[in-house]
Amino acid sequence: MMELALFEVIADLHANHPHDTATATFLQELRAELNLPLTSVTLDQLNNVQLPLIFIRSGGTEAMFQAIYERFQEPYLLLTTGRNNSLAASLEILTYLRQQGKWAEILHGTPAHIAERIGQIKRIVQAKQKLTGMRVGVIGQPSDWLIASHVDANQALERLGVQLVDIGIPELSQAIRDVTEVPAHLKDSLPSGCESKVLTGSLRIYLALKALVNKYGLGALTVRCFDLLEPYQNTGCLGLALLNDAGITAGCEGDVSALLSMVVMQSLTDEPVFMANPSEVDVLTNQLIVAHCPVPLTMTESYTLHTHFESNLGIGIRGNISPGRCTVLKLSNDLTSFFVSGGDIIESLERTNLCRTQLRIAIDQDANYFLTRPLGNHHVICRGDHSALLTQFLQGIGLEAVVPK
C-alpha cells in the first residue's frame, strides 16, 4: 500500500493541457520535500493509498468532485496552487465537505510548508489508528484519593476509541505468584543500588504486569499500585518504567484520566511520557515543580534506583532529564476538555521531601491554571514542544482547551 499518492481533479476545459511549468516545478519540489514519489492514481486505485492528496488542478471542478467525494476516506486533503482557479474551487469544495461533517483541509503555500503540514496530519491519522480499538487495562480501582478522576468507559470508547478492561488486584497477585524466576539478564541490565531481594521482587511485579499485557492484549495500563505495598513490601514503579520503555503506556495509582492523557501524548509524539504530581507552582515566574517515582528510563539522561518516596519501600526511580523544550498535558476525566502547554525543562532536582524524579518546568501558558481550573492532580510531560499538534488533535475530536481565569 502506498503511503501517499496524488489524485488529480481537473475540469474538461483544462483536461488536454499538460501541467504548466510552474505547476510541474511545484509538484517536483513537493515530492522532494516529502521524499516520496507521489504517484498519480485513479479512483479505482484509492484503496491502495493510505493518504491521498486530492489535487484540485483547476476551477470548474466543484460538481465533478461532489459526484465522487464519497469514494474517499477522511481526511480530505485538498492540494491547491495559485493558478487556474485551483484555490477558488477548493474553497467551495472545502465548504461543502464541512457541511457534510467531513474532516477536510486545504493544503496551500510553499512545498516546504505543505510537506510539514502533511507530516502533522499523518501523525494525527496514525494516532487515531493506534487508539482505535486499543485495550487499556485498569488493574484495581482508582486510588481512593482520586475523587475527581473517574472516567466513564463509554466516554473513553466514544471520544478516543479505546476500550477499558477491568482487571482485579487478585488477578495481578496471582500473576506475581506465578513468576517463579527472574531472568539474570533482566537484573544485570539495571544498575546496582538496592538489595537483590528488593530488585527481584520489583521485577516479579514487572513480569506479572507484562503477563497481563499479553493475556489481555493491552496497549496501555494503570495499576492501583499502593495496594502492592503491604503484601509485597514493594512497588510497581520499576515495572511501569520498563513497560513504558517497551512501548506499553503505563501509569500508576489507577488514574485513568492521567493514563489516557499519556496514551494520547505518546500516540501523537512517539515520545516516552512522565506522569507526575505538580508539587509547587510559582505564578510570578510561570514555573512549577513536578515529581513522581516512576519515570520511563528512556526519557532520562541518567537514573539511579532508590526507595519509593511515601513508603520508603521497594524501588523508586530518580531520573535526571536533560533541560530543553517539553509539553505538559492533562485531559479532563469526562473527556470534554484539556490543558496543554509548551514549556522548558529547566533542571532536575533532588529534594528529600518529594517523589524521586523531580523537574522544574517553566510553562508557556498561565500557571494560574493549576490554582484556578486544574483538571485533577496528575499531569503528563514529554520532551519537545508538541502543544500545537496536541491541540489540533484534541479539538478535532471535540475537546475544548481550558483557559486559566
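No lab work stands behind these numbers, since they all come straight from the coordinates. Keep in mind that what you see is a predicted model, and the values were worked out from it rather than measured. Reconstructed Cβ throughout: ideal geometry from the backbone, glycine too, with neighbour counts over all protein chains shown.
When DSSP assigns beta bridges and you keep just the ones with both residues in the chain, what percent turn out antiparallel, to the nearest 5?
Within the chain, antiparallel bridges account for around 55 percent of the total.
Restricting to lysine pairs 8 or more places apart or on different chains, what number in the chain have Cα atoms under 25 Å apart?
So the count works out to 16.
Among 143-155, 243-255, what's the highest-first ranking by average C-beta atoms within 10 angstrom per residue?
So the peptides 143-155, 243-255, ranked by packing, come out 243-255, 143-155.
What ranking, highest mean first, results for peptides 304-312, 20-28 when packing means the other Cβ atoms within 10 Å averaged over each residue?
Result, highest mean Cβ count within 10 Å first: 304-312, 20-28.
If you take the alpha carbon radius of gyration of the range 307-353 and divide it by 2.2 N^0.38 Å, what ratio comes out, to two decimals?
1.58
Dipole magnitude of the range 135-401 about its Cα centre, charges +1 at Lys/Arg Cβ and -1 at Asp/Glu Cβ only, in debye to the nearest 20?
With Lys and Arg at +1 and Asp and Glu at -1, about 420 debye.
Determine, for Y303, Y96, the number of other Cβ atoms within 10 Å of each Cβ, and report the residues in order from fewest to most.
Ascending Cβ contact count within 10 Å gives the list Y96, Y303.
If amide hydrogens are placed 1.01 Å from N in the peptide plane, which non-local residues have theirs closer than 5 Å to the one on V165?
Here V136, G137, V138 satisfy the definition.
Can you list residues whose amide H is under 5 Å from Q365's amide H, if they're 5+ apart or on another chain and H is modeled 1.01 Å from N?
Those qualifying (amide H under 5 Å, at least 5 residues apart or on another chain) are G342.
How big is the C-alpha Rg of the range 135-401 next to the rule-of-thumb value 2.2 N^0.38 Å, as a ratio?
Dividing the Cα radius of gyration by 2.2 N^0.38 Å gives 0.95.
About the Cα centre of the range 259-405, how large is the charge dipole given +1 on each Lys and Arg Cβ and -1 on each Asp and Glu Cβ? Please answer in debye to the nearest 20.
Magnitude of the dipole: close to 180 debye.
Kirkwood hydrodynamic radius, the range 136-210, all distinct C-alpha pairs: what's the number in Å?
Final number for the Kirkwood radius of the range 136-210 is 14.9 Å.
Can you list the residues, at least 5 places off or on another chain, whose amide H is less than 5 Å from the amide H of L349, using H built in the peptide plane?
Q358, L359, R360
Looking at the range 2-130 from every direction and averaging, what is the projected area of its Cα convex hull in nm²?
With every direction weighted equally, the projected area is 7.5 nm².
Note down the magnitude of the dipole of the range 200-281 about its Cα centre, charges +1 on Lys and Arg C-beta and -1 on Asp and Glu C-beta and zero elsewhere, to the nearest 20 debye.
Its charge dipole is roughly 380 debye.
Spelling out what I want: for every residue of the range 359-371, take phi, set θ = phi - 60°, compute 6.51 cos²θ - 1.76 cosθ + 1.60 (Karplus), and round to whole Hz; glycine and proline get x.
10, 9, 10, 9, 9, 6, 6, 5, 5, 4, 3, 5, 9
If Rh is defined by the Kirkwood formula over all Cα pairs and Rg also comes from Cα, what ratio Rg/Rh do you get for the range 265-405?
0.96
For the range 74-208, just the Cα atoms, rotate onto the principal axes and tell me the three extents in Å, largest first.
Cα extents, longest axis first: 74, 35, 25 Å.
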